[in-house]
Amino acid sequence: MMKTYYTIGEVAKITGATIKTIRYYDEINLLPASHISPNGYRYYNHEDIWQLELILFLRYLGFKIQDIKGMLHHELPVSTSIQWQIEAVQQQLEHLQQIQLILIQASQQGDQGTQLSYLHDIAEMLNKSQKQRENFIASKMQDVIVDQHLPEDWREQFLAAYIGFVPKEENLTAAQLAAWAEIKAMLNDPSFGHEIRKKLNPLWQAVQNQQIEASRWGRQYKQITDKILAFIEGEKNEKDPDMQAAVLEYVSLFQNQSSPLKPDKQLKAFLQNAEAMSSARLQKWWELVLTLNPSLTPYVHLQNMIKHTAEWLVDHPDYFTARGVSL
């Protein structure tokens, strides 16, 4: 026999593959031997070795054996298989980036005990379903944030809104898991609970002064905010009469119906209460909520537009006089 053929052992030495792997590839018809002697020994030529090296590299790149077989046997376009693998690698990269982010955030938590607690919180959130997350938020909000003196229907109204913070997807990103861990830590901090109850007290006072049931108020709130969101989508700003009218409607929702203020004073009181309800920790809270549920971003734009429009109206009292409103 001319030395154009190599034994399985020689092929193993040349390519770095194990004899067991080469035999397996032969058995599944991925790399059949070019020549089999009468006594059953397998021999491979240069083309077989080239093909084996290609197979080994494709395996290194993560291709499945079935896909490799399809490419080599011309049953699957190479371009299609490569595109599939690019997509698979992209998913793996995203997964590794999430792991990296979790580990980096854990390393920044301080001492070993805090780091382990952080990782435990991440693991706990990973194992929670959407419903369990909603129950967790509702329970914490009930205990920490929502004023217990509110009527039952108003408490339910606000708890439903808070549950809306919970993202719908079951699998959270590393950033969302990190936000969950920070939100949990804040809700478990008595000082934050005290601060947020104090900051939200003007809101609780305002809604308790409403002489309508919570569900009706909630419907009005949704109608007005949907209208403002539509105006934002239509690129209307604080100088637009439709936006101004809608914001005045919004501000009136927090007006004490038993002793109504004039429009300019309503706006000033609204802006003062909004300022009183802000703090560095509450700003951090809303940043975490947005990280947890990016779908809420339009509502941040909504609140910003309401604030800018209210400020514009306060700075332009001629808006009211032009409409025959006495100030």
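Do any helices (runs of 4 or more DSSP H) lying entirely in segment 222-319 carry at least 1 residues that are within 30 Å of Ala174 (Cα to Cα), and which ones are they?
Correct list: 280-292, 297-315.
Please list, ordered by first then second residue, the pairs with beta carbon atoms under 6 Å, 6 or more apart or interchain, first in segment 245-266 and closer than 15 Å to Ile306 by Cα, second open to solvent by 30 Å² or more (accessible area, probe 1.4 Å) and modelled with pLDDT of 90 or more.
Ala246/Lys227
Among the numbered conditions (1) touching a strand residue (DSSP E or B) at 6+ places or on another chain (Cβ under 9 Å); (2) within 30 Å of Ala179 (Cβ to Cβ), tell me where Tyr6 comes up short.
Every condition holds for Tyr6 apart from (2).
Which of the following residues is within 49 Å of the chain's Cα centre (by Cα) and more than 29 Å from Leu93 (Cβ to Cβ): Ile65, Ile55, Ile28, Ile36?
Ile28
Which numbered condition in (1) closer than 24 Å to Gln85 by Cβ; (2) open to solvent by less than 70 Å² (accessible area, probe 1.4 Å) is the only one that Gly40 fails?
(1)
All but one of (1) among the polar types (S, T, N, Q); (2) open to solvent by 30 Å² or more (accessible area, probe 1.4 Å); (3) at pLDDT 80 or above hold for Gln205, so report the exception by its number.
It fails just one condition, (3).
So, of the residues in segment 105-164 that are hydroxyl-bearing (Ser, Thr, Tyr) and modelled with pLDDT under 70, which turns out to be most open to solvent (accessible area, probe 1.4 Å)?
Filtering first and then ranking leaves Ser129.
The values are calculated or read from the model by the stated rules, or taken from the named source; none is laboratory data. As the structure is a prediction and not an experimental result, all values here were calculated from the model. So basically every Cβ, Gly included, is an ideal-geometry build from the backbone, and we count neighbours across all protein chains shown. Just the protein is used for accessible areas: all its heavy atoms, side chains included, with ligands, DNA and RNA removed. Shrake-Rupley method; radii C 1.70, N 1.55, O 1.52, S 1.80 Å.
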